[in-house]
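What follows is a set of notes on a single structure, which appears directly below.
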């Protein structure tokens, strides 16, 4: 068996949390990935689904990808184990066909609406609002829907379409990921500029609506060291992250992994809907505003920053939509934070060494202080740019000044 270790991160329980792991196997060790089972420390089997990513010359599995559901207690670590069973494993899971995806908690119908409709819910996803500074407002046309990836525990649908304004077309890909027995789903929207002309974006937003009867609990929130809420019962509220906001906020987290969270929620007596923007601070500007049961998720807010996509550039924005039965703002903050920094199992280095997938030269018990200091210095000295088209990019002067150009 191969051990999977979850470190203690959060002060709240996670039950049947969707997690995944990629793990190597020795040549000849595993020939049928369907025989993989995931068990907890008590030996109890958890729902899982595995698929081979690559194989050895003899057809055995070289790299395995496994989705499974984990129970991780508050303020405690947890261990799980990958075992090879005698017989193939089968599980119940997401029911899907050409039209709908049914997770057991929610059903999305991809034949209806601009993108899809949520069956049996009073929450509606309004048409996307997209405009640029040269052509004004665009309309979206859905061209195709296909299942990009399916497992009983997780399904991703790929919607391809085009935004049109005047004589200009802007391609878009929307990935919708659903999870077994979960009432949330993720929307990843990628805008692609395939034109030779720059795309000078004015604004881009998703809009969620929920019936308003004169009173509704509304919250917009963001976190750094703690979650800060702005609340109302129907009046307009807004939360904006821009350059000025970030300039005067200190953050001691590692932004490549986690900065904080950013979400909005509307809740009435029939339930609520919460929307969390992934890595909003790193990919500023971002905004969430709510008024009288209408939530605008501004992925590129208007009149805040100049945002230009040149030919060949693409940008993805990811939002988690969570339908709930009146959860408290504090619980929603926990769920939102978990989306930003999900649980990921660690695999012991010996598994990689024994599998033979890497050169043995990278495994050594000898410590090289000079090399470690050098690598730490490289990491600490690397500049970090924030921004919707700049996140992760910055000039590396040590590299730029090399070569014929000399900088």
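Just so it is clear, none of the values below were taken in a lab; they were calculated from the coordinates. Just so you know, these numbers come straight off a predicted model, no measurement behind them. Backbone-built Cβ (ideal geometry, glycine too); neighbour counts: all protein chains shown.
Overview of results
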item	result
Cα gyration tensor of segment 1-40 - equivalent ellipsoid semi-axes, whole Å, descending	27, 12, 8
For 111, 267, 230, order by how many other beta-carbon atoms lie within 10 Å, fewest first	111, 230, 267
Largest-first principal axis extents, alpha carbons of segment 21-142, Å	58, 38, 33
Segment 296-350 - Rg over Rh from alpha carbon coordinates, Kirkwood radius	1.14
Alpha-carbon Rg/Rh ratio, for the chain, with Rh computed the Kirkwood way	0.98
Segment 2-90: translational diffusion in µm²/s, Stokes-Einstein, Kirkwood Rh over Cα pairs, 37 °C, 0.692 mPa s	241 µm²/s
FRET efficiency, 1/(1 + (r/R0)^6) with R0 51 Å, evaluated for residue 378 and residue 105 via beta carbons	0.65
Fewest-first sequence of 382, 222, 324 by Cβ atoms within 10 Å of each Cβ	382, 324, 222
Pairwise FRET efficiency - residue 54 versus residue 233, Cβ, R0 = 41 Å, nearest 0.05	0.15
Highest-fluctuation residue, 190, 383, 147 considered, GNM on the chain with Cα pairs under 10 Å	383
Rh by Kirkwood over Cα pairs, then Stokes-Einstein D for segment 260-329 at 0.692 mPa s and 37 °C, µm²/s	242 µm²/s
Rotationally averaged projected area of segment 95-327 (alpha carbon convex hull; nm²)	13.2 nm²
Highest-MSF residue in the chain out of 41, 148, 372 [GNM, Cα springs under 10 Å]	372
Highest-fluctuation residue, 284, 225, 374 considered, GNM on the chain with Cα pairs under 10 Å	374
Helical mean residue ellipticity (222 nm; -39500 (n - 2.57) per DSSP H run of 4+; nearest 500) of the chain	-2500 deg cm²/dmol
Exposure proxy order (Cβ contacts within 10 Å, fewest to most) of 3, 57	57, 3
Within segment 66-82: backbone nitrogen closer than 15 Å to the residue 7 label point (7 Å, Cα to C-beta)	75-79
Extension reserve of the residue 76-residue 148 stretch, reckoned as 0.36 nm per residue once the Cα distance is removed	22.4 nm
